[in-house]
Amino acid sequence: MAGFSVKKPLTVFVAVLGIIVLGVVAYLKMTPDLLPNMDFPYVIIVTSDPGASPESVEQTITKPMEQSMSTLDKIKDVTSTSQNSVSMVLLEFEDGVNMDTVSVDIQQKISILQGSWEDTVSAPYVLKINPSMLPVMVAAVSREDMDVYELSDFVTDELSGKLEGVSGVASISVSGAVTREAHVILDEKKLDALSEKLAEAVKKQLGKAESQLLSAKKEVEKGQAALASAKKAMADGIVTAPGKAADAAAKELEKLIEALKKGGFGGIIDDSDPDKALEELLKKLENLPDDLKKLVEDLKSGKLRAQLEGDASDLLVTLMDGLTQMTEADIQLKEAMTQIEDGLAQIKEAYKTIDEQTDVGGQLSMSTVSQLLTAQNFSMPAGYISDNAGVQYMVSVGDNVTSRQELEDMVLLDLGIEGVEPVTLGDVATVVVLDDADELYTRVNGENGILVTFTKQSNYATAEVSDNINARFAELETQYDGLSFAPLMDQGDYIYLIVETITSSLLWGALFSVVVLFLFLRDWRPTVITLVSIPVSVIFAVVLMYFTGVTINMISLSGLAVSVGMLVDNSVVVIENIYRLRAKGATVIQAAVSGAQQVLGAVTASTLTTVCVFAPIVFVEGLTRQLFTDLALTITYSLLASLLVALTLVPAMAGGMLRREMVQKPGLLDKIYPAYRRAITFALDHKAGVLLLSLVLLVTSAGAAVMRGFTFMPEMDMNNLSLTVTMPEGTTRRQAVELADTVLERVMTVDNVQDAGFMMGGGTMGGLNMGAAMGGSSGGSYDVEGYITMPEGTFGSDAAKEITALCADLPCEVTASGVMSSMMSMMTGSGVSLQVFGDDMEDLQSAAQDLAKRLEQVDGVAEVDDGLDESAPALQVVVDRMAAAKKGMTVAQIYMKVAAALQSSTSVSNVTLGGESMALSVDAVEGSTVTREKLLELEITPDATLSSAMGGSAGSSALSQLSGSSDNTEKDDGTFKLGDVAKVQETVSMNTISRDQQRRCVTVTATVADGYNVTHVTSAARQALGSVTLPDGITVEFNGENEQIMDAMGQLLLMLLLGVVLVYFIMVAQFQSLKSPFIVMFTIPLAFTGGFLALLVTGIEVSVISLIGFVMLVGIIVNNGIVLVDYINQQRLAGMERREAIIDAGVTRLRPILMTSLTTILGLIVTAAAKNAGTALMQPVAVVCIGGLLYATLMTLFVVPCMYEIMNRRDLRKVDERELEVVDM
């Protein structure tokens, strides 16, 4: 490779230029981000059931959901919280799971569960946790000459749409804007007035019906009287015998005439036309004299007698037929009279219940009104229709309400009662539009303000979205006079600040490396050759990052900054050897080729050892792997690039730049060589003392560092703060506002505070509520969250201490921390946390209280939360099933009746009134809801309970009776009081029921006081809580920050051990010896000693981040040992005596060992010494590496020779090249 590079240097230069071009293009296409692309294996399933208690939610939704989701592939943990009306289940999967496939499986299981749920349960909402959920920016909006109402309308109606259209913005959330809501309040006075109107109308109808029935009764009575008279006449006609009539005709003429008259009356009675019958009767009377004369003659002759006898017989038959007809008529009249009497009785009874039947307030329930509103405020496409020309039209039915007057005029129902107009919403309720201005608390620098929170799309870089938002801000500020935006939290600022500081560290490190090279080589030409390797290696690494999907972020840039000092190591070894050979008289070509070839094995092995320590990161899981994979990849890419550059570009450049005769100038080490020769000779003579001293220092430093405790990662001190004001229990809203205003006033007096934005309401500001989503608490309703910004270059930690001190006398708790620290704590946890498991809620609560009290006594514990602050008094209605069954009711029906009675408001839908969309709800009549004292007095009607609870159909039925559409005017009144079938027990209910692995649990948490270490406090807590006696069935598990730290450290220790094994394998391949690698491996504990000593000196605790430094040391520190042992072996193989070879190799390799170590150390010095947010994360890594390299480099020059002399006493085996030739025998 070196020969090719020297022979064809232009090929190498063109390849380097190609890499530079690719690197520039790749860098321009890469946008910086805050953190690596992390795919968290978490899914949250949120399901709502309005009005359900936590216990009901747990039993009906959460437990079935947990059981179903526990069967998913690669599921790791299932936790849940059940709250009023809401179930939230958090699923954690194993690393490497395909979240897209899992999402499909989750939806399938949810579909199965939905079939067994009530209709009131909403469709579950599935959310995958991702860092992009965190807000990109939180900005305060203000405009001159606008009050909060005008500003709210301006932001929500006009500004929001323009901000949502920003490229890369997924959504915006407006906080502090006044929102309006339409309320339909059932009005008792209107309901009473309508009831009176209905009562009057019904009374009028009843009166009219009664009058008609009385008139009918009189007509029937007249008919009965006439029928009675007809009967009497007929009876008289039957009694008079025809024979006697003929004999006494003359005497009884008047009687006969009367009988005839009666007979005619009877005919008239039977005739359907009385007037016509009267006319005929008058004609008969006119002819009466002639008839009488004729009658006398007939009587004398006897002819009349015979005729009368015949006529009487005919008359008798006719009278019998008439009697039959009259009997039937009598029966019909009696039936009619009976019906009339029944009708009058019903009307009389209706008068008694008219007030109850026309009580609109009891019939038009909230559910009835809400259903009617939903049905009337309706608009929906019905389909398509075509005309004769074939044109298709979309057919829509209905239209939505657009004004409050239209809403009030909306017809609810038409009773069909004469004199009663159709009932409109305005007849029974008052429509009002209310705003929440009195409930809002949003302050920006002491004034009312509005906050806008931006979240980004996952496929956009944070810095790019931040730039786009700021550009839109500038555009809008020029478009609207007086409009201004004040970013309170901007991840883009953090990113650019971190990128700038890390880039600055990288450049300073490169500069220091060049200075070291020049001081040792005392020649600018080899210095320039070596210097070129830094930018070329970095650019090559950027190209590899681009093609492997590694973004420019805080972690990847830190990897480049840490490795910048190591980028010249390979080039230093190669150029130093070339330089040495050239000074000894070798030609430039010989020096370039031989110098690279001689150290090829050593630099390759040293690079591979540094790289291979990161290979075991594939076995690391969780957050540790997500965070540090980019670090490992960038270091690997840059070191592999530096190896390639050292073996190609450096020889090619040396072949062109070192043509002049080399005269080796006196260097810095010329006076040190003799002293080092004497020192190494002394060390070889006193090997036991050297090794014993090394061992003592290792044990002492490690013990002292570990005794200080562990942390996950260092604090990142930036120019901003996240502040939380926790109000004491029982605080009213007015008191909370006064306290928050006081805190804000004091905050604004702190030096360097530029802007401060406060908002009331737990977890609402800025969307930083992932902790709550992951199972934490979101805070009380009156707690206040805020952001504080300061000028660039200032530190938030100083302001946080001052704010805490200023607010120490207030009854509220004020906590201030860096925004970056808050974000990290969401992922890593904070403080002491223990989960208390158990099935019995009372035992669970008592155990949590006992543990919390004991935890308060532990030294180093600041604040303790027993997890029971949200418990509340509850009432348990115990139903007597037997008594309920006698009333015709089940427990479920009674529950539905009670639930309906407890409801004071119900949501309908959104309406647009006056061009503004707002929520619409129906509120119950004031004072109509059930109170604690009247709960057992609640009246329940068996035949109406179920229907009214499910939507008020009973009310509709009653109203239909008023309209006369139902024939059933009788009501089966089985109404009874709840107290007749149930009793009420007072209990304590938790507003939140937590579960983990399908077990109920309560989480007890404690914060760690300043100056204390979380691992020490957790250890003390374990000992203290071990003496607490717990009820049967109660278990405790610690699950706080300490456990996260120990888990991460355990994984990194595994990574370190595997790295050591891989380093050993590489050295075995390099040295072709099983013992020589052990000699080099003794440099690793030396490096650890230096790392521990550095942490002790700087006062930095051992952390997960610092452990990365120890992992890196494993690969770095062996490089010096490899170079030294490799040269010793070369000298011995050349025939030199063992000790002489050891001493000569130490002196010869002193310069490259010191040069490589110093370049690496000085490359890290800025990262270790700087006090800014950009370098804070990697500062422990830099400190450990610097301390380890300083100490181990010094000790390597003595310990490795001692170990070599102890372990390599035998002569080395040398294989003659001629023996490797293939023989033909």
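Every number here is computed from the coordinates shown, using simple stated rules; none is lab data. Everything numeric here is computed off the predicted structure, so don't read it as measured data. For neighbour counting, all protein chains shown are included, and Cβ atoms are generated from backbone atoms with ideal geometry for every residue, glycine included.
A protection proxy built from the mean count of other Cβ atoms within 10 Å ranks the segments 477-487, 603-613, most packed first, as 603-613, 477-487. Modelled spin labels at Arg932 and Glu328, positioned 7 Å past Cα toward Cβ, are 7.7 nm from each other. Using 0.36 nm per residue and subtracting the Cα-Cα separation, the extra length available between Asp153 and Lys76 on full extension is 23.0 nm. Of the trypsin sites (Lys or Arg not before Pro) found in region 66-134, those in coil by DSSP whose Cβ has at most 14 other Cβ atoms within 10 Å are Lys74. Backbone N atoms of region 40-65 closer than 17 Å to the 7 Å Cα→Cβ label point of Ala170 belong to residues 40-46.
In terms of its Cα atoms, region 886-931 spans 55, 21, 11 Å along the principal axes, sorted from long to short. Treating each Cα of region 548-704 as one equal point scatterer and applying the Debye formula with no solvent, the log10 of I(q)/I(0) at q = 0.09 Å⁻¹ comes out as -0.49.
Relative contact order for region 42-129: what percent, with Cα pairs under 8 Å and sequence separation of 6 or more? Write out the running numbers ahead of the final one.
Working: 142 pairs, mean separation 39.2, N = 88.
It rounds to 45 percent for region 42-129.
Under 19 Å from a label point set 7 Å out along the Cα-to-Cβ vector of Ser379, the amide N atoms of region 404-446 belong to 404-411. Could you derive backbone 3J(HN,Hα) for region 414-426 from the dihedral phi with the Karplus parameters 6.51, -1.76 and 1.60 (θ = phi - 60°), listing whole Hz in sequence and x where the residue is Gly or Pro? Running phi through 6.51 cos²θ - 1.76 cosθ + 1.60 with θ = phi - 60° gives 10, 7, x, 9, 4, x, 10, 5, x, 7, 9, 4, x Hz. Averaging the sequence gap over all C-alpha pairs within less than 8 Å and six or more residues apart, then dividing by the number of residues, gives region 1156-1202 a relative contact order of 38 percent.
Dividing the convex hull volume of the alpha carbon atoms of region 63-188 by its residue count gives 197 Å³ per residue.
Please find the FRET efficiency linking Gln405 to Ala892, where r is the Cβ-Cβ separation and R0 is fixed at 41 Å, and quote it to the nearest 0.05.
Values: r = 42 Å, r/R0 = 1.03.
With R0 = 41 Å, the Cβ-Cβ based efficiency is 0.45.
When the convex hull of the Cα atoms of region 42-129 is projected onto a plane and the area is averaged over all directions, what value comes out in nm²? Before the final figure, lay out each step's value.
Numbers: hull surface 19.9 nm².
Taking the Cα atoms of region 42-129, their convex hull projects to 5.0 nm² on average.
In this simple spin-label model, placing a label point 7 Å from the Cα along the Cα-to-Cβ direction at both Ala345 and Asp1047 gives a separation of 8.1 nm. Here region 42-129 is treated with +1 on each Lys and Arg Cβ and -1 on each Asp and Glu Cβ, and its dipole about the Cα centre works out to around 60 debye.
Highest-first packing order for the peptide set 410-423, 1034-1047 is 1034-1047, 410-423, based on the mean count of other beta carbon atoms within 10 Å.
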